[in-house]
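The values are calculated or read from the model by the stated rules, or taken from the named source; none is laboratory data. Treat the numbers as computed from the prediction; the structure is a model and nothing was measured. So basically every Cβ, Gly included, is an ideal-geometry build from the backbone, and we count neighbours across all protein chains shown.
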Amino acid sequence: MSIVKSVTCPVCGCLCDDIELTIADGAVVQVKNGCAMCEAKFFSHNNEHRSTTPLMRKDGELVPVSYDEAIQKSAEILANATYPILYGWSSTDCEAQRIGVALAEEVGGVLDNTAVVCHGPSILGVQDVGIPTCTLGQVRHRADLIIYWGCDPWSAHPRHLERYTSFTDGRFEGSEWKSYINKVKAAAGKKKLRSLERKGILKERHPRVAPSVHDNKPPEILNKKGRKLIVVDVRKSMTAEIADYFLQVEYGKDYELIQTVRALVKDQELDVEKVAGVPVEYIQQLVDSMTSCEFGVIFFGMGLTQSAGKFRNIDVAISLVRDLNMRTKFAILPMRGHFNVTGANTVFTWQSGYPYGIDFSMGYPRYNPGETTVVDILMREESDAGLVIASDPVSNFPRRAAEHLVKNPLIVIDPHMNATSLVGDIVFPVSIVGIEKAGTAYRMDHVPLPLKKVVDPPKGLLSDEEILNRILNEVRKIKLKNLEVA
Amino acid sequence: MVQEKLNLILLTGRTIEQGVGKESGKGTQEYFQSTTMVYMDETDMNKLELRNNDHVLLSTEEGSVVLRAVRHPRGAMPGLVYIPYGPWANAICSTKTTSIGMPSFKGTPVEVQPALNQPILTLKELLRKEFGR
Ligand code: SF4
């Protein structure tokens with residue numbers, strides 16, 4: 001039995017690098033410090049859903065084949081396709097991503113990563129107006145106002161609060177953990193009373209009524225000392241429940257609300273009473289907390305990028321932060337999802353000039369979101385082959401887009417069986433990056449961190465990097481041969 | 001007043017259960033349970049006379065899917081339904097990318113009606129129905 005310390009968790013964009021693993025008989029048996037998703041991932045390396053042999057579809061069924069055969073066939077598919085899609089990349093290391101760029105260029109395909117369906121609009125917003133940002137270390141040590149807008153870290157980035165924001169003890173700002181515990185205790189007490197009432201042990205004081213969007217008055221607590229936590233969302237998420245103040249915005253009206261906040265930050269008068277379902281006086285209190293803080297940070301997520309307005313929401317959110325910097329110090333950060341989606345954008349940008357949706361079909365990189373992005377290409381039914389790596393578009397794309405992907409030859413590289421590999425034509429099993437293979441990944445604030453290899457992969461399994469490299473070599477050979485024949 | 005169906009807005013997104021499910025493996029029971037449900041507002045459920053875990057049929061321009069209705073545990077969200085990301089949610093999600101590459105994962109108009117006796121498809125059944133594989 002051995003213990004490995006300071007392991008980086010290869011799940012979400014927080015990239016927590018304080019995980020402690022206990023290894024016995026070549027398997028992870030205990031995970032310390034990690035959240036539930038982290039545990040699930042580290043334990044998944046030896047569960048029964050792992051794929052261990054390359055598969056190829058023959059007569060409608062997936063049958064086991066050798067790596068050599070699968071690689072050869074994949075290379076033929078990609079080399080002979082006129083407009084292949086190479087998609088995924090966010091849950092693998094930068095080393096594999098780099099080869100992905102070379103392969104996409106070689107086959108004249110479209111290279112896209114999962115940012116296109118999560119923070120693609122954020123990148124467009126940043127390209128429009130720039131971004132005043134900082135690293136998470138700054139937030140941890142200095143931020144006294146944390147705002148989560150359209151995101152739910154408690155569910156999607158479970159340790160974000162505890163490592164980087166409200167519940168961490170920084171150099172200049174303390175943790176709010178204690179006040180949270182008190183709140184939970186109070187809530188638990190109320191719940192107990194209610195359950196006693198329901199059972200008839202206590203006399204019912206208030207009959208149960210369905211909750212409504214109450215007027216959401218900002219509490220006194222907004223004047224408190226110490227770190228403040230505000231959540232803006234369309235529904236009361238887990239994070240909203242623990243926040244000092246939860247502001248419930250009507251669906252699709254974030255843009256209006258942010259513009260209103262901007263107007264108030266600039267001391268403009270408004271002649272309406274409510275915006276986006278929120279009384280202006282409450283918005284004013286939000287603005288007061290913003291302008292009176294010493295260092296505030298806005299984190300934003302899919303609530304802004306996937307709702308009506310999309311990248312325009314990000315435009316105005318960033319512009320708001322720019323305005324706020326005239327009055328105090330403020331920063332803004334996107335809550336990146338997959339552990340290395342930031343790396344995918346970074347690697348693609350330094351190799352080709354563009355972060356996602358890159359079309360190499362003309363022989364040089366071209367980028368035009370809406371045209372060269374994967375969902376649009378699939379909806380126009382233009383691609384004639386696909387390679388999917390470290391992602392599951394059949395689960396995550398709208399069905400009609402996935403349909404065209406499945407219609408054409410589909411190569412899937414993933415350590416686990418998922419919806420995409422179940423419908424794929426060639427399925428490669430691989431070692432898991434960050435557990436069975438070392439590499440590099442970028443945290444959501446663009447800090448690169450090393451991923452460790454802690455156990456050996458099942459016998460004979462190759463890594464993403466090796467498989468891509470071998471496919472690339474085969475493609476080059478085929479192209480050379482075609483050239484000689486011509 | 002009891003109604004037969006409601007026209008609501010579909011949001012899709014993350015829940016911690018779906019997150020744990022996807023990391024454990026997409027063939028697991030956790031993943032299935034966490035992605036084949038839909039959070040609904042309590043008043044909306046009352047309008048349809050739904051109880052927790054009743055099956056509902058959700059239909060959009062893109063198609064329809066049967067899921068398990070669960071009362072949203074915190075606060076109100078009238079007019080909205082929330083399905084965790086996954087193939088079931090995406091069976092009915094809008095493909096409109098508004099020319100920037102991003103489909104409208106939040107904000108598809110959806111019609112919801114009780115479907116007490118209709119089964120929820122397993123992942124394999126769903127893939128067979130949609131892709132014939
Ligand atoms: S918060 Fe994210 S990176 Fe940190 S342990 Fe959990 S899943 Fe891993």
Check your understanding: Which of (1) away from every other protein chain (no Cβ under 14 Å); (2) not in a helix (DSSP H, G or I); (3) not aromatic (Phe, Trp, Tyr) does residue A:474 not meet, given it meets every other one?
Key -> (2)
**Study point:** All positions within segment A:414-437 that are in contact (Cβ under 8 Å) with a residue 40 or more places away in the chain, farther than 17 Å from residue B:22 by Cβ and more than 10 Å from chain B (Cβ to nearest Cβ)
**Key:** A:426, A:427, A:428, A:429, A:436, A:437
Review point. Does residue B:62 qualify as being touching a Cys at 6+ places or on another chain (Cβ under 7 Å), at the interface with chain A (Cβ under 10 Å from one of its Cβ atoms) and either crowded, with 18+ Cβ neighbours inside 10 Å or at pLDDT below 95 (or both)?
Key: yes
Check your understanding: Can you find even one residue in segment A:165-181 that is more than 16 Å from the ligand (Cβ to nearest atom), part of a helix (DSSP H, G or I) and either in contact (Cβ under 8 Å) with a residue 60 or more places away in the chain or within 14 Å of chain B (Cβ to nearest Cβ) (or both)?
Key -> yes
Exercise for review: Specify which of the listed residues (A:126, A:110, A:116) is of a type in the set (A, V, I, L, M, F, W, C) and at pLDDT below 95.
Suggested key: A:116
Study note, to complete from the structure: Taking segment A:396-423 and the residues there that are part of a loop (DSSP other than H, G, I, E, B) and farther than 22 Å from residue A:458 by Cα, the one that is nearest to the chain's Cα centre (by Cα) would be A:397
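So which strands (runs of 3 or more DSSP E) are wholly in segment A:221-332 and hold at least 2 residues that are buried (at least 20 other Cβ atoms within 10 Å of the Cβ) and among the aromatic types (Phe, Trp, Tyr)?
Numbers: elements: A:228-233, A:245-248, A:295-300.
Here the list reads A:245-248, A:295-300.
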Review point. Counting just the residues of segment A:360-397 that are in contact with a Lys or Arg (Cβ under 9 Å, 6 or more places away or on another chain) and closer than 26 Å to residue B:83 by Cβ, which one comes out farthest from the other protein chains (Cβ to nearest Cβ)?
Key: A:378
Point to revise | Search result, residues across segment B:42-59 that are farther than 21 Å from residue B:120 by Cα and within 9 Å of chain A (Cβ to nearest Cβ) | key: B:42, B:43, B:46
Check your understanding: Taking segment A:149-162 as the region of interest, how many residues are more than 9 Å from every other protein chain (Cβ to nearest Cβ), in a helix (DSSP H, G or I) and more than 7 Å from the ligand (Cβ to nearest atom)?
Key -> 3
Review point. Hey, among the residues in segment A:4-63 that are within 14 Å of the ligand (Cβ to nearest atom) and of a type in the set (Ser, Thr, Tyr), which one's farthest from the other protein chains (Cβ to nearest Cβ)?
Key: A:6
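Among the residues of segment A:367-380, are any part of a helix (DSSP H, G or I) and closer than 21 Å to residue B:124 by Cβ? Lay out the reasoning, then the answer.
So in segment A:367-380, the residues part of a helix (DSSP H, G or I) come out as A:374-379.
Still in the list and also closer than 21 Å to residue B:124 by Cβ: none.
For segment A:367-380, residues part of a helix (DSSP H, G or I) and closer than 21 Å to residue B:124 by Cβ: absent.
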